[in-house]
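The values are calculated or read from the model by the stated rules, or taken from the named source; none is laboratory data. From a predicted model like this one, the values you see are computed outputs, not experimental measurements. Note: ideal-geometry Cβ built from the backbone for every residue, glycine included; neighbour counts use all protein chains shown.
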Amino acid sequence: MKPFIWIVSILMSLLGVDAVNAQDNCTIQIDGQVVDAESGEGLSFASVILQESSQGAYADSAGFFSLKGICVGDYTLRVTHIGCAPQKKVIRLSGDTTFVFSLNHDESILHEFVVVGEEEKELVLTKIGVREAQLESTTGLQLAEQALAIPGMRMQETGNTIAKPVFRGLQGNRLLVLNAGVRQEGQYWGSEHAPEIDPFLAQQVSVIEGVDALRYAPDAIGGLLLVEPADVFGSDSLSGSLTGMGATNGRGGALGGELMGRVSEKFPLYFRGQISSRKFGDMKTPDVFLVNTGAEELNYSYALGWKGDAWKAEVFYSNFNQRIGIYRYSHLGNLTDLYEVITGIRSNPDTTDFSYDINRPYQDIGHELFKGRVEVELDAENKIEAIYSRQFNSRKEFDVHVGINPSAEELARPQLDYALTTHLGELVWRNKVGALSRSVGVTGLFRENTFRGRNFMPNYRNSSFGAFALEQRNLGIWKLKYGIRYERYDADIFNPIGSEDDPLNLSFDGLSAALAAKKDLESGDLTLSAATFWRAPAVNELFASGLHHGVGAIEQGNSELLQERSYSLSATWRRVFGRTRVLATAYTNYIENYIFLNPNDIELTIRGAFPRFDYEQTDALYWGSDIQVDGQLNKGFAYLVTASLVWAQNVGTGDFFINIPAHQFALEFKKTWDDLNKIKQPWIALSGNYTMEQYRAPEVFPFESVFEAGSTSTLPSSFDFAAAPDGYFLLGARAGLRLGQTSFQLGVENMLNTTYRNYMNRFRYYMDEQGLNITLRIKHNF
Amino acid sequence: MNISKYLRFSLIAVMAFSFTSCEKDDDNDDTPPGSTNEEELITDLVLTFTNTDDQSQVTFMFSDPDGPGGDPPAVDDIFIDDSTSYSVSVEVLDASDPNDVEDITTEIMDEDEAHQFFYIAESADNSIDISYDIFDVDGNGNPVGLSTIWNTNEPTADNGTVRIVLRHELNKDATGIAIDDFAGSGGETDIDVTFNLTIVD
């Protein structure tokens, strides 16, 4: 970053020279940039004011500013930025000049982390995410929970141990996850499969959409969640951190450690190693312990990097191991059992004591990622990057149901066992001349998925080849980025649909394209984005067949499915008003041939009646808005207001889809005090979070009439087994301080011990959400 | 900083070694990938009616050899005589592989304390009366329901249904539990089938 600033400063001084001759008394121009003292990144919308003349300007989104028509004289230049301590500089102006201001972060502000990507010139869209500092307050939680601070980000849960990110109402196959720059490959089709990523690995979690996602995938219909570990080249000296977290609910905690540095000054070999573990027992609602809801995890990763004169190479490896208990009473026999639980005819023996044991049903999940990357600078304008990655994912599910009288051998093996191997290669050329930059690349992906045990999805091999071209240029006041991507997807389906010798072949291909335009406004900016993506129907959508135990439903694939195509539009507006900063996004996503599970029939089996859900296609419309306002009321007193609104509709039938997050509103206040001797930056924060009832939910399943008639004639076209739960309000509090290199955070969640159910939890039919939880987090940097 | 340097080099060495060994050992499972070693699929339920007078036998079955989903099950309609007493035994089979039909009934017997059959007749009143065979009990003296006595009367209506439910890990001592009522018993459903029942005049 530092050399970049120098180059900019020099460039600007050169530009300034032209104007020198035309100088009159009041024609002086000041150009400059406001940057973060720590990271060197440009600070967006900083304000620059000449106190004596009251002339002022706002910096643009990259921190650049320009003041014109200034008279010769002495001035006090005051630079302020939300989240930073203001800076003053006394200057004598006799001609055009250039300044770079470095501002220090003022820790009193709440959410300086919101915009994380201004420094990345390759992204036109505002990259919004959660940075390291903010991630500290969610240490020990699952990845999806860590990402919740991103506007528009919600999660789909299955019990309390599995959380999957949801962005603007879309999830699963439509919301891709990129871990350390590699498309995360797991069994991400089911909502009970969370991303297999160590949350401790993340230094930054952010979301990109539209044109910026085009480089990574043709199928980022709902966007792309980026999980970025620390840069291996990030530290020349030995540095690291130790993190600990403990929680009262679940009586568990997490530990993590990280070490990074460079081998020696002469030897530009960099390294980073990281390890983490997590262990929790049964969670508690305000009333009872939830049987078998513990989790344990052991993960590690390391990276090595070599920096040559004009090239860089790095290798990265991560290993993720998890065992998670599934709430014991979520596995039911059939529709009658579900009815009895929902209506309270049968109550679950939840009053058992706390336990750390993880019994059936549980999941054993492993994930490995190996990545190698080489980047070569051909000349000042051209760069080439090659990446190869390989992933292994294993998922073993141990059901409650193991037969009438299982043998020891049957007890030892999982009922469902998937192994997925993925190879991914990418080659990208980048060219940058002035404001014009281009990148062109090719990617190839190869997957192999095999199963053992209960037949739910067939074995398959699949390849996907893509080529993309992106260009970024300035057009008047607009900064444009546009691109196109072609992808061809082939799949061979084996046992039990086809055979090893005679597989069923499927192929799909299509174009994705996107455009983003960004314009600087007075003390703000506006970004417009349009994109079309497509995705091939996933193998489970085509061929899944069998019983899903968690919800007691039969899922049936549909081999006739066509590819899905999205057309999305979004507008993001940012503006600073004095001490207040506003970020607002409005979006719409029209998805043609939207694939979803539609309840169709009541199927008779020897275990009784089960609802059968078939994969079907319709046109779907998603729309919504995310609004965030943060600012300072007075010194040391900050607030944050957020609103997350999302709507979705089946355009074909007018029905509502299931599992669309209800509107959510949150308010947080934070008070910070000055340092007190050795206690640095003490603060407390109080937050309230209101989630509405989902009024746009499908009809409730008519159990009585179905049982009575024993027929399917009374089935509505779309249904859910229970009504959407009521809205709920949660109160939380946090406090923190720093002692030397060690920071402490104390958190209280669900302070009022509210009993509630969450519409976005698949187990809302059977269980309440977690009650009061007190957490302590300690991080020591060295 | 010799120690620090030593530490760094050893870290690198460990990492470099680990890169070479990162492929996970696949399970030492003999089963080839893609085989469905299905855990005990219950596909068939066979009812054998023995007339207690003349010992004549007749059988009816519920059969779904491909398991849940796929082809719908075949369910026989039960026809039995009026004013007759039958001893009815139930058999449970895994017939998913026709060449290797597995009798699951014996496994239920082995685990009889954890299993119980329920019989719910939905026909005109007093047409039929089903009771547990008093000799068919588990180690605690509770009924299992593999064998039952069905007494038919003069039917007031010919047609009805009979629902047969097998519960697993239930509480056999729960209050309200009866041959036709399992609501308070907890546990899970292993089998839940309904036959059409006609009492022939």
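Observations
- When residue A:264 is tested against (1) of a type outside the set (D, E, K, R); (2) within 14 Å of chain B (Cβ to nearest Cβ); (3) assigned to a strand (DSSP E or B), just one condition goes unmet, and that condition is (3).
- The residue of the range A:262-283 that is nearest to residue A:310 (Cα to Cα), among those that are buried (at least 22 other Cβ atoms within 10 Å of the Cβ) and among the charged types (D, E, K, R), is A:272.
- From A:314, A:385, A:377, residue being more than 14 Å from chain B (Cβ to nearest Cβ) and touching a Leu at 6+ places or on another chain (Cβ under 8 Å): A:385
- Qualifying positions in the range A:757-779 - hydroxyl-bearing (Ser, Thr, Tyr) and assigned to a strand (DSSP E or B): A:775
- Put simply, of B:139, B:186 the only residue that is away from chain A (no Cβ under 14 Å) and either touching a Pro at 6+ places or on another chain (Cβ under 6 Å) or farther than 30 Å from residue B:53 by Cβ (or both) is B:139.
- Verdict on residue A:614 being surrounded by fewer than 17 Cβ atoms within 10 Å (Cβ to Cβ) and within 14 Å of chain B (Cβ to nearest Cβ): yes
- Residue among A:612, A:565 that alone is modelled with pLDDT of 95 or more, in a strand (DSSP E or B) and among the basic types (Lys, Arg): A:565
- Counted residues, the range A:673-694 - those being surrounded by fewer than 16 Cβ atoms within 10 Å (Cβ to Cβ), modelled with pLDDT of 95 or more and in a loop (DSSP other than H, G, I, E, B): 1
- The residue that is farthest from the other protein chains (Cβ to nearest Cβ), counting only those in the range A:328-341 that are farther than 12 Å from residue A:765 by Cα and in contact with a helix residue (DSSP H, G or I) (Cβ under 9 Å, 6 or more places away or on another chain), is A:335.
- When residues of the range A:514-562 are limited to those that are of a type in the set (Asp, Glu) and not in a strand (DSSP E or B), the one nearest to the other protein chains (Cβ to nearest Cβ): A:541
- Verdict on residue B:134 being of a type outside the set (Gly, Ala, Ser), at pLDDT below 90 and in contact with a strand residue (DSSP E or B) (Cβ under 6 Å, 6 or more places away or on another chain): no
- Residue match in the range A:698-707 (condition: crowded, with 16+ Cβ neighbours inside 10 Å, more than 22 Å from residue A:332 (Cβ to Cβ) and of a type outside the set (Asp, Glu)): no
- Out of A:395, A:390, one residue alone is more than 11 Å from chain B (Cβ to nearest Cβ), closer than 25 Å to residue A:179 by Cβ and buried (at least 19 other Cβ atoms within 10 Å of the Cβ). It is A:395.
- Within the range B:156-182, considering residues that are farther than 27 Å from residue A:406 by Cβ and not in a strand (DSSP E or B), the one farthest from the other protein chains (Cβ to nearest Cβ): B:156
- Hey, residue A:674 away from chain B (no Cβ under 14 Å), more than 30 Å from residue B:195 (Cα to Cα) and more than 28 Å from the chain's Cα centre (by Cα) or not: yes
- Enumeration of residues in the range A:506-533 that are among the hydrophobic types (A, V, I, L, M, F, W, C) and surrounded by fewer than 23 Cβ atoms within 10 Å (Cβ to Cβ): A:506, A:508, A:511, A:513, A:515, A:517, A:521, A:526, A:528, A:530
- Test for residue A:666: is it buried (at least 17 other Cβ atoms within 10 Å of the Cβ) and in contact with a helix residue (DSSP H, G or I) (Cβ under 7 Å, 6 or more places away or on another chain): no
- The conditions of being touching a Gly at 6+ places or on another chain (Cβ under 9 Å), under 30 Å from residue A:683 (Cα atoms) and more than 13 Å from chain B (Cβ to nearest Cβ) are met by residue A:579.
- Residues of the range A:318-335 classified as surrounded by fewer than 21 Cβ atoms within 10 Å (Cβ to Cβ) and more than 28 Å from residue A:251 (Cβ to Cβ), total: 0
- The range A:488-502 - residue that is closer than 15 Å to residue A:466 by Cβ and surrounded by fewer than 19 Cβ atoms within 10 Å (Cβ to Cβ) and, of those, nearest to the other protein chains (Cβ to nearest Cβ): A:490
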